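Before any comments, here is the structure.
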Amino acid sequence: MAMTPSAVLGNVKTFTPIALSDDDKPALLGGPKAHPDRFPQWPVYDSTEEQALIDVLRSNRWGRLDGKTTAGFEEEYAKIMGMKHSLAVSSGTTALTTMLGVLDVGPGDEVIIPAYTFVATYNVVVLNYALPVMVDTDIESFLIDPQKMEKAITKQTKALMPVHMGGLPADLDRIMAVAQKNNLPVIEDACQAPGSEWKGKKVGSYGIGAAFSFQSSKNLNCAEGGAITTNNEDFIKACYRFHNQGQGGRATSFDVGEGTRGTNGRITEFQANILLSQIVRQQVQDKKRSQNAAYLSKLFDEIPGITPAKLYDGVTYVSHHLYMFRFDKSQFAGISRSRFMEALRAEGVNCSSGYGHLNKDPYVLGLANNKHYLKIYGEKVMKQWIERNHCPQNDKLAGEEALWFTQPMLLGTTRDMEQIAAAIRKIQQYANELKN
Ligand SMILES: *Cc1c(COP(=O)(O)O)cnc(C)c1O
């Protein structure tokens with residue numbers, strides 16, 4: 001069902017920031033903590049999950065090839081996502097690897113990814129000896145810049161892999177237009193965005209397929225797990241086959257390499273039953289996160305130098321995995337981001353500077369010297385590759401401005417959100433004294 005922008009923001013009626021007394025100094029300068037209590041702990045479970053594990057245990061059917069729980073979850077997940085098909089797999093990484101396998105991405109191919117993402121988005125491309133081409137970030141949204149994405153396309157490009165970072169939908173209208181114009185498949189890395197919507201439709205329903213992660217930190221959690229969703233029956237059959245050692249299912253239009261490649265990417269019945277229990281919980285939790293995030297953004301409106309990540313016009317619902325915002329030190333007497341984080345931590349509010357410079361990480365740069373890459377692409381192409389991955393906006397975002405709150409914090413109370421804002425206001429007020 002389509003949701004109006006006001007539904008995205010929730011009911012933000014109770015704007016009552018807590019008053020700070022004049023002598024409330026930042027905790028780092030000896031004042032009281034703005035947030036003395038703990039944020040909600042993660043994961044969340046009760047007897048429902050306990051029973052789910054016991055049920056599978058006693059059924060003696062522990063694997064997906066033995067029981068029916070996984071298939072049950074897949075049906076439920078597809079329904080909730082508003083898509084025809086879903087395949088549960090062993091991780092979000094496996095979901096991406098499986099789809100790249102089905103698209104037969106291999107040596108000599110290029111796959112376009114954002115520079116601002118979890119390293120898994122990069123790893124799955126490299127696992128296939130394809131070239132991951134990193135595209136700069138729209139600094140306001142923390143998401144891939146579609147204009148720069150189009151410029152990164154070459155004859156070798158085999159797929160586009162945008163990421164819905166933190167649960168925020170990438171600009172799907174413009175990305176899909178670029179894809180269509182260049183006749184390229186889109187794989188949505190929706191690992192952080194189960195439930196988010198673009199123009200009333202779930203993210204993950206725009207590309208040929210989408211990847212979701214159920215790893216411990218993610219909003220829907222079974223320790224390790226993932227899913228692929230698609231509306232394309234041939235595609236899901238090919239995915240099933242690939243994740244099941246190349247076995248099972250009939251020949252489809254995605255038959256490239258059929259019978260020649262596959263892996264074991266299966267999930268277990270234990271995980272599937274935990275997921276079935278958590279899926280109900282997740283939807284309630286998501287509403288809460290969404291309301292708290294909207295409230296926090298409203299509180300941040302009053303704080304110069306703190307800017308929440310921009311939502312594109314097409315966004316109709318955000319299932320927050322992260323609360324991402326930018327820090328402008330010029331509004332904080334020039335204190336560094338790390339000093340700001342330190343001061344915030346002292347107030348009882350943990351925050352992270354988020355992902356580093358993926359395109360400059362030694363782990364990534366090492367690819368230019370990898371013997372297989374040198375053999376496949378040659379020294380010149382690999383040198384150019386480092387140049388191509390130049391991302392000035394992302395450098396600024398990741399290097400100086402980005403800050404995150406993690407999703408369990410958004411499960412807190414309205415008062416928790418007010419205390420976060422109060423902590424930041426205190427730090428701002430005393431920024432000069434925090435310099436030393
Ligand atoms: C978590 C995540 C993945 C990988 O998922 P796993 O389940 O940990 O393998 C991939 N991409 C993004 C953006 C992620 O956040």
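The values are calculated or read from the model by the stated rules, or taken from the named source; none is laboratory data. What you are looking at is a predicted structure, and each value in this text was computed from that prediction instead of being measured. Ideal geometry is used to build each Cβ from the backbone, glycine not excepted, and the neighbour counts take in all protein chains shown. Remember, those area values only see protein heavy atoms, side chains included, never the ligands or the DNA or RNA. Shrake-Rupley method; radii C 1.70, N 1.55, O 1.52, S 1.80 Å.
General observations
- Residue match in the stretch 299-316 (condition: surrounded by 19 or more Cβ atoms within 10 Å (Cβ to Cβ), in a helix (DSSP H, G or I) and modelled with pLDDT of 95 or more): yes
- Scanning the stretch 66-86 for residues that are among the aliphatic types (A, V, I, L, M) and out of contact with any Gly (no Cβ under 9 Å at 6 or more places or on another chain) yields Ala71, Ala78.
- Being of a type in the set (A, V, I, L, M), touching a helix residue (DSSP H, G or I) at 6+ places or on another chain (Cβ under 9 Å) and either more than 16 Å from the ligand (Cβ to nearest atom) or part of a loop (DSSP other than H, G, I, E, B) (or both) is a property that Met176 lacks.
- Within the stretch 64-91, the residues that satisfy the criterion of being surrounded by 22 or more Cβ atoms within 10 Å (Cβ to Cβ), out of contact with any Lys or Arg (no Cβ under 8 Å at 6 or more places or on another chain) and closer than 12 Å to Ile279 by Cα are Phe73, Glu74, Tyr77.
- Checklist (1) surrounded by 24 or more Cβ atoms within 10 Å (Cβ to Cβ); (2) at pLDDT 95 or above applied to Ala238, failing item: (2)
- Checklist (1) farther than 23 Å from Gln407 by Cα; (2) out of contact with any Pro (no Cβ under 6 Å at 6 or more places or on another chain) applied to Lys201, failing item: (1)
- Helices (runs of 4 or more DSSP H) (entirely within the stretch 324-417) containing at least 2 residues that are of a type in the set (Val, Ile, Thr) and over 17 Å from His35 (Cα atoms): 371-388
- Qualifying position, being open to solvent by 10 Å² or more (accessible area, probe 1.4 Å), in contact with a Lys or Arg (Cβ under 8 Å, 6 or more places away or on another chain) and not β-branched (Val, Ile, Thr), among Asp109, Asp136: Asp109
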